[in-house]
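None of the figures in this text is laboratory data; all of them are computed from the coordinates on show. Not measured: the values here are computed from a predicted model. FYI the Cβ positions are ideal-geometry reconstructions off the backbone, even for glycines, and counts take in every protein chain you see.
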Amino acid sequence: MNGRSPPRNLRSREKNSEMTNAEFHRLSIQARNSLPDLTRRIMKKIKKVYEEAARNVAEQVALADLASTFGGQSELTTASRVSVYRQLEQEAAKVAAAIEENGKIGLQMAVEKIGTANDTFMAQAFNDAGIATISRAVIAQIVSGVNTKVVESVVNRVWSDGYNFSKRCWLAGQRFQDDIKNILSTGLAEGRDVFDIAKDINIYSRDGKVKLFQRWDKLKRGSKEFAKRVPKNVDWRALRLVRTELYISLRDAGVQYGLANPACTQEWDWIRQSSTDWGCSCPDYAKGSPYKLEDLPSTPHANCLCAVVPRMIPREQFQEQLKSWARGESQPGIQKWFEDYYLPSERAA
């Protein structure tokens, strides 16, 4: 995209007219189905940042001095506490930045998958109708513009709690900071050596709460409250954040590409993630398809994996409309696309 020449397989498809409505629908669903693997790859990168951040904090903890011990509970010296907490703040900021950066990369990759299907569909439709005046490069520019619009919309969306994507990434960094503080506090309350606490931090970031508790064995009654506040894995909130935003981006892309594709009937289908009934409203949304833009359901719950796919005019009918429009006859939908999307993209190219 972004004005690049179409790949070889795309040129072959244009020649053979293989992009049917059914294939377009299949590619749209295929884009949705590719998100779990994309999410895993992104989270693998983010987890490495978490582990590196934990190692850096652990190294600072290992250097810390204990001021005193009362009743088995240790205290850090003031200087050591300041050093450890300063390092922890720096690492939390790195974690937040990694979540935001990799999350945006994932958003871009997700919407580009939908963009490729629309790019191919539109290019082949005009090619098959024999309309040479519609530039392949301008269609690519339209797709690139929609990609950018979708990513910016998801990143800038303000949720009901008043937080946008960037703020949520920052909060994930803060929670990482809180998790490590809880491990540090629990270790001190148990009278553990700073070297053991440093190992606790590394084990938790790498292997999770179960392995950490195996190290802790039987906690004293007073420190169990700290343990309750430590989540199962250090990165689970970041995973939910990134995954939720990726699937929202794909639904938004389905809507925006429907608006930017002259073959769309301006109706959209809600496609369920699976046939399993999770007790949510998604099955009813799917049964209620298709929807006009103003009636499309919003995201019903966190981690919703459903897709929104535009309905297309039957291929032969759309081809006839394109040929009619090329002859100068009235085709309001195609003319609106030409004025709202094609001409602005042509001027910007």
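For the range 109-188, how big is the tail of P(r) above 19 Å, as a whole percent of Cα pairs? Looking at the range 109-188, the distances longer than 19 Å represent 61 percent of pairs.
Over the chain, Cα pairs under 8 Å with separation of 6+ residues give a relative contact order of 22 percent.
Once you list every other residue whose beta carbon is under 12 Å from the beta carbon of residue 114, what net charge do they have if Lys and Arg are +1 and Asp and Glu are -1?
Result for the neighbourhood of residue 114: 0.
Panel values: the range 1-261, Kirkwood radius from alpha carbon pairs, Stokes-Einstein at 25 °C and 0.890 mPa s, translational diffusion coefficient 116 µm²/s. Here the Karplus relation 6.51 cos²θ - 1.76 cosθ + 1.60, evaluated at θ = phi - 60°, turns the backbone of the range 106-114 into coupling constants of x, 4, 4, 5, 5, 6, 5, 5, 5 Hz, with x for every Gly and Pro.
Checking the cross-link pairs 167/209; 47/167; 47/181; 167/228; 211/232 against a 21 Å limit on the alpha carbon distance flags 167/209; 167/228 as lying beyond it.
In the chain, taking the dipole from charged Cβ atoms about the Cα centre, the farthest positive-side position among 296, 49, 191 is held by 191.
Taking 0.36 nm per intervening residue step and subtracting the Cα-Cα distance, what contour gain separates residue 214 from residue 348 on full extension?
42.2 nm
Taking the helices alone, the chain has a mean residue ellipticity at 222 nm of -21500 deg cm²/dmol, built from -39,500 (n - 2.57) per DSSP H run of at least 4 residues and averaged over all its residues. Partners of residue 323 within straight-line reach, counting lysines whose Cα lies under 23 Å from its Cα and excluding those fewer than 8 residues away in the same chain: 15, 336. Taking 0.36 nm per residue of separation and subtracting the current Cα-Cα distance, fully stretching the chain between residue 44 and residue 330 would add 97.7 nm.
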